Amino acid sequence: MHFNALLTAVTRMVSAFLFLGATVYLARLLGPEGQGQYAFAMTLAATITQFANLGLHAGNTYLIAQDRDRLPALLANSVWISLGLGGLAGSLVFAVGQALGWVEGSPLWLAGLGGALVAARLFFSLGGSLLAGLGRVRALNLAELLNYGLTVVLLVIVGSLGGDIPALLTATLAGWAIASGVMFALLVTTKGISLRPDRAVFLVGWRYAAKAYAMSLLGFLVLRTSVFLIDSYHGDAEVGQYSVAAQLFDFLNLLPASLALVLLPRLVQDAGSRWITTLKSVGIIGGVMVVACIGAAVCAGPALQWLFGNRYAAAGPILLAMIPAAFFCSLTTVVSQYLAAAGYPKGLFAVWGTAWIATVGLGSVLIPSYGGFGAAMTLSIVYAGAFCGSLGLARLTEQRRLSLIPPCVALPPSSGVRHAA
């Protein structure tokens, strides 16, 4: 498991370096305001994708880990949810966004772009969850490398030709669409193909998926609400500064996200060692993140200015305020896999509901005065609270699980088997 996590982390680090290079290039080319416009459009697409996934990204992994014969049905459902719900939602929101002045471009073009971009992003997420549940980590890593690598190449080409924001978004769509096609091909070769939606399989996983949907949506809103608040109070230029710092925040969380990807199927399949495995993973990730966060605090500020130029000097303090959020986010990501494997206890709604309310409340106080720095401080405070709440809930859930295990008959010491209690 740890080898797969390390392999996934290395793959994502390579992808992140590629994307960071493209971000540096575009940030220098577009300036803070142009970078803010592009980042806002991408955040909008990611937000729609999160709303449209119906929790199937977690449900797919959970169901396929239980029974691999469900793959054709789950793949078919993923395709139709992506094209139907994702495409429709993307078209509507981008068209409305153009009417309200959120994004620039012709209404018809934006509607088509939004629908296609959300559909591609959604299928890539759902397909990746199936590969993760199957344990096909190398195939998943190949698809992710292709996605980021191709998108970066297209962005650099379009940018070097003088492309504007609509052209850059089209290049982004092309990268996601091609990678999604490869993802589909990888899954089809596993157990054949079926494009007929399977209502029975959908209903089997709906209860779990609905919980996953609510949890992932709240977690996503905690992470992304600040972008909309910054844009509301300060405009595109400040969003551009914040987005640059957020790139390194995402980079710091590559390893825990990679571990979580391969951890969930194991925790689903082995409830007996679930808690111990989670604690060991938290310890490993915590140690690594201490070193990474200290290094980021010392080097990231000057590195940001060197990479992006003096126009992004304000991103340095934002990143410093965001580093505690990166640390606690990484630990929360690992603990959350235990709670996902346990079926999402009801208390988790309270943890993330409170976290989102705190994000909006603190952000509304700090962001008007401090901009991106205030948003970063908000994120750090909220993630510290979310980690404490998630860890406490996970411990309580494990205690309840153990209390439901019937007492075992005491065995002689020579058997080598310990009493379950």
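Conditions (1) surrounded by 12 or more Cβ atoms within 10 Å (Cβ to Cβ); (2) out of contact with any helix residue (DSSP H, G or I) (no Cβ under 6 Å at 6 or more places or on another chain); (3) modelled with pLDDT of 95 or more, marked per residue:
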position	(1), (2), (3)
PHE349	yes, yes, no
GLY371	yes, no, no
GLN399	no, yes, no
PRO412	no, yes, no
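Close contacts from segment 9-33, counting a first residue that is surrounded by fewer than 19 Cβ atoms within 10 Å (Cβ to Cβ) and a second that is modelled with pLDDT of 75 or more and basic (Lys, Arg), with Cβ to Cβ under 7 Å and a gap of 6+ residues or different chains, come to GLY31/ARG311. So, of the residues in segment 191-233 that are over 18 Å from VAL335 (Cα atoms) and among the aromatic types (Phe, Trp, Tyr), which turns out to be nearest to the chain's Cα centre (by Cα)? In this case the residue turns out to be PHE228. Those residues that are within 22 Å of ALA246 (Cβ to Cβ) and either aromatic (Phe, Trp, Tyr) or without any contact (Cβ under 8 Å) to a residue 24 or more places away in the chain (or both), I need them from segment 321-346; list them, please. Correct list: PHE327, PHE328. One residue stands out among those in segment 186-199 that are assigned to a helix (DSSP H, G or I) and of a type in the set (S, T, N, Q): the one that is modelled with the highest pLDDT, which is THR189.
For segment 278-293, the criterion of being touching a Phe, Trp or Tyr at 6+ places or on another chain (Cβ under 7 Å), charged (D, E, K, R) and farther than 16 Å from GLY372 by Cβ is met by none of the residues. Residues in segment 302-324: is at least one within 30 Å of GLY133 (Cα to Cα) and among the aromatic types (Phe, Trp, Tyr)? Within segment 302-324 (the criterion being within 30 Å of GLY133 (Cα to Cα) and among the aromatic types (Phe, Trp, Tyr)), the answer is no, since none of the residues qualifies.
Given the criteria touching a residue at least 40 places away in the same chain (Cβ under 8 Å) and in contact with an Asp or Glu (Cβ under 9 Å, 6 or more places away or on another chain), does GLY235 qualify? It is true that GLY235 is touching a residue at least 40 places away in the same chain (Cβ under 8 Å) and in contact with an Asp or Glu (Cβ under 9 Å, 6 or more places away or on another chain). The lone criterion from (1) touching a Ser or Thr at 6+ places or on another chain (Cβ under 7 Å); (2) outside any helix (DSSP H, G or I); (3) more than 23 Å from ALA210 (Cα to Cα) left unmet by ALA325 is number (2). Taking segment 89-115 as the range and being more than 27 Å from TYR62 (Cα to Cα) and aliphatic (A, V, I, L, M) as the test, the residues that pass are LEU92, VAL93, ALA95, VAL96, ALA99, LEU100, VAL103, LEU108, LEU110, ALA111, LEU113. Are any residues in segment 132-185 touching a residue at least 40 places away in the same chain (Cβ under 8 Å) and either touching a strand residue (DSSP E or B) at 6+ places or on another chain (Cβ under 9 Å) or not in a helix (DSSP H, G or I) (or both), and if so, which ones? GLY135, ARG136 - these are the residues of segment 132-185 that are touching a residue at least 40 places away in the same chain (Cβ under 8 Å) and either touching a strand residue (DSSP E or B) at 6+ places or on another chain (Cβ under 9 Å) or not in a helix (DSSP H, G or I) (or both).
The values are calculated or read from the model by the stated rules, or taken from the named source; none is laboratory data. Everything numeric in this text was worked out from a predicted model, so none of it was measured. Here the Cβ is made from the backbone with ideal geometry for all residues, glycine too, and neighbour counts use every protein chain on show.
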